[in-house]
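Okay, structure first, notes after.
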Amino acid sequence: MAADTGATERLHGARKVGRYALLIFIAFLVLFPIYATLMQALKSGPDAIKNPQSILPINFTLDTLRAAWRIGDLGRLLLNSLFVAVLVTIGVIITSLLAAYAFAFLDFPGKGPIFVCFLATLLVPVELTVVVNQRTVDSFGWINSYQGLIVPLLATTFGIFLVRQVFLTVPKELREAAALDGVGHFRFLLEVATPLCRPTLGALALFTFLGTWNQYLWPSAIITDDAHRTIQIGLERLKTGDFDKFNLVTAGTVIAALPIFAVLIAFQRQLVRGLTAGAVKG
Amino acid sequence: MTYGVDVAQVRLEHITKTFGEGKEAVTAVDDVTIDIEDHDFMILLGPSGCGKSTLLRMVAGLETPTSGDIFIGTKKVNDVAPKLRDVAMVFQSYALYPQKTVRANIEFPLKVRGESKPERAAKAMSAAQSLGLDDYLDRKPGQLSGGQRQRVALARAIVRQPAVFCMDEPLSNLDAKLRGETRAELVDLHRRLDATILYVTHDQIEAMTMGTHVAVMNRGQLQQIGTPQQVYAKPQTVFVARFIGTPPMNVMPPGLFERSEVLVGVRPEHLQLSSNGVLSLTVRMVEQLGHETLLICDAVGTRVVVRQNAEAPVPSIGAELRVDASEAHRHRFDPVTERRIDG
């Protein structure tokens, strides 16, 4: 009996070690490229050429980062990205709330089929719609404009679906009680339904912000001038062709990623709560 | 806190409600006519799925009748929006706004109406005090017990001073002890407010102890309407006879209790042990409840329950008894229509 218990404990111990080893390996796979990029950015140009594979910079320097900031005019690019990402995030929250409310609380003819059509758009890859959307935006005269960068991204099926799912968990009696109290739809949305899905909205805001910040295909399809360039497509400028400035792009990438890290660290609790919302009852 | 406004009479005329269409159509309420007087505490009583909640929801405006008319006061309200009907509803699930404090929950209907802050604070405080909620005003519903939440829901209803209160099984989520206490509170509240209350329940004890009138429903149809005493003493159908009373009335097949072609019903407390009684029983089980004893007996395959004082001698299992009942306590029903024969 005692031998059995010992064997079971050893098995559990071995499993635990195995699990942690696997986790450490996965963490290494995820983190190493980030670490390598950061180290590359902290090397001087010549050092990067001489020792491209070294894990640590021989001469630690911030010069490459400074140069990337100056040559790429990264301040301007970051501001553009921030402006676009913030407006898109606000827009997505508003459109998701409104559309999700309609799908969750209102009865109208064709509600089911319309919702299915919405969901079906998730099956269409973004790459497939870029050309058509670019032509539409072009016909509006929105090439090289903020509205071109922002308006097409203002409503997402994902956002509508996510918020609708939360709204569906709001008891029907709450809407009925509000109706008897004389609360209209808009007020119910603002004062009752929206506060109930705050964690989900937080996660949606974060996803949307990160997604917009990292947009590459769409901005590169409609932006050709410097004034409206966002950070992700603006990094292109750092490809100077100079042999000794080989790691400028890497340094630019690090700068472009810093705001995302800041946002992630600030809102990671919200993100986890949003991701697990609905998964765990209560 | 009493009403400064006129409370209203509610009249339901030939109300029918059908859900679905064609072959899948289900009639939840079938040609129901009820008059509810001013200040009445009307209980809609029946088993689950009998249409009582649907009827209540139609009064509140949450459902539209398929046919028939609803009047509140003298006004026909079929097409009037819920918020304009001057009806407040208390739900089984309380339906409190979870992110708002108790104070904000109670004040909310007044805020929606645009009442000034001091005015609604005073009214909310008065409603809260009348229900003993003054210590919980700054808590959120999640921090309250079931009974306290139900009182908040009541406070939110009374603060509006509506013409009619609709209550949909408001005590069902409470434990037995709290249910008993809240029953008494509701009766007291009705007396103080002097309001018209429509109250849905499947619990006959609530119906008997709280209502000024009881409307018993089954399968969408109104079975009987009257005071609790009338419904108990003179059930108009076999369903009502069996639904009201714990344990329910013994309804015996033709020929068992009397030599006649009718169903005969006798309440367990009205069956008297008598050596020359008309009905012979075999005791199958004895339930001693402390204040009374129930003898569960068998009479040629029919279950018959006899209620006795706790002091009466307890017969043993298998004992043969003879029972009788006075003429005044015999209820006769048509075996086909199951309706009362003797008026």
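The values are calculated or read from the model by the stated rules, or taken from the named source; none is laboratory data. Only a predicted model underlies this, so the values are computations on that prediction, with no experimental measurement involved. We place every Cβ from the backbone using ideal geometry, glycine too, and count neighbours over all the protein chains shown. Heads up: the accessible areas ignore ligands, DNA and RNA and are worked out on the full protein's heavy atoms, side chains in. Shrake-Rupley method; radii C 1.70, N 1.55, O 1.52, S 1.80 Å.
All conditions but one from (1) in contact with a Ser or Thr (Cβ under 9 Å, 6 or more places away or on another chain); (2) among the polar types (S, T, N, Q); (3) open to solvent by less than 20 Å² (accessible area, probe 1.4 Å) apply to B:Thr27; the one that does not is (3). Residue count for region A:77-113 under the criterion of being over 21 Å from the mean Cα position of the chain (by Cα), open to solvent by 70 Å² or more (accessible area, probe 1.4 Å) and either at pLDDT 95 or above or of a type in the set (Val, Ile, Thr) (or both): the result is 2. Within region B:4-18, the set of residues being at pLDDT below 95 and surrounded by fewer than 16 Cβ atoms within 10 Å (Cβ to Cβ) comprises B:Gly4, B:Val5, B:Asp6. Scanning region A:170-188 for residues that are part of a loop (DSSP other than H, G, I, E, B) and more than 8 Å from chain B (Cβ to nearest Cβ) yields A:Val170, A:Gly184. Only one of the numbered conditions (1) closer than 16 Å to B:Glu13 by Cβ; (2) touching a residue at least 60 places away in the same chain (Cβ under 8 Å); (3) open to solvent by 30 Å² or more (accessible area, probe 1.4 Å) is violated by B:Val59, and that is (3).
List the number of the failed condition for B:Glu181; all other conditions in (1) open to solvent by 30 Å² or more (accessible area, probe 1.4 Å); (2) part of a helix (DSSP H, G or I); (3) within 14 Å of chain A (Cβ to nearest Cβ); (4) not small (Gly, Ala, Ser) hold. Of everything listed in (1) open to solvent by 30 Å² or more (accessible area, probe 1.4 Å); (2) part of a helix (DSSP H, G or I); (3) within 14 Å of chain A (Cβ to nearest Cβ); (4) not small (Gly, Ala, Ser), B:Glu181 misses just condition (3).
Among A:Thr194, A:Thr208, which is the only one that is among the polar types (S, T, N, Q), in a helix (DSSP H, G or I), over 17 Å from A:Leu87 (Cα atoms) and under 22 Å from the mean Cα position of the chain (by Cα)? If you could, list the steps in order and put the result at the bottom.
Working: A:Thr208 fails: over 17 Å from A:Leu87 (Cα atoms).
So the residue among A:Thr194, A:Thr208 that is among the polar types (S, T, N, Q), in a helix (DSSP H, G or I), over 17 Å from A:Leu87 (Cα atoms) and under 22 Å from the mean Cα position of the chain (by Cα) is A:Thr194.
Name the strands (runs of 3 or more DSSP E) wholly within region B:189-287 that hold at least 2 residues that are open to solvent by less than 10 Å² (accessible area, probe 1.4 Å) and of a type in the set (A, V, I, L, M, F, W, C)? Filter on region B:189-287 gives B:196-201, B:213-218, B:263-266.
Of all residues in region B:51-76, those satisfying the criterion of being assigned to a strand (DSSP E or B) and touching a Ser or Thr at 6+ places or on another chain (Cβ under 8 Å) are B:Ser67, B:Gly68. Which count do you get for residues in region B:102-121 that are open to solvent by 40 Å² or more (accessible area, probe 1.4 Å) and either within 11 Å of chain A (Cβ to nearest Cβ) or closer than 10 Å to A:Asp181 by Cβ (or both)? Number satisfying all stated conditions: 3. Taken as a whole, the structure places B:Met89 among residues that are part of a strand (DSSP E or B), in the same structural domain as B:Arg183 (by TED's automatic domain parsing), out of contact with any Lys or Arg (no Cβ under 6 Å at 6 or more places or on another chain) and of a type outside the set (Gly, Ala, Ser).
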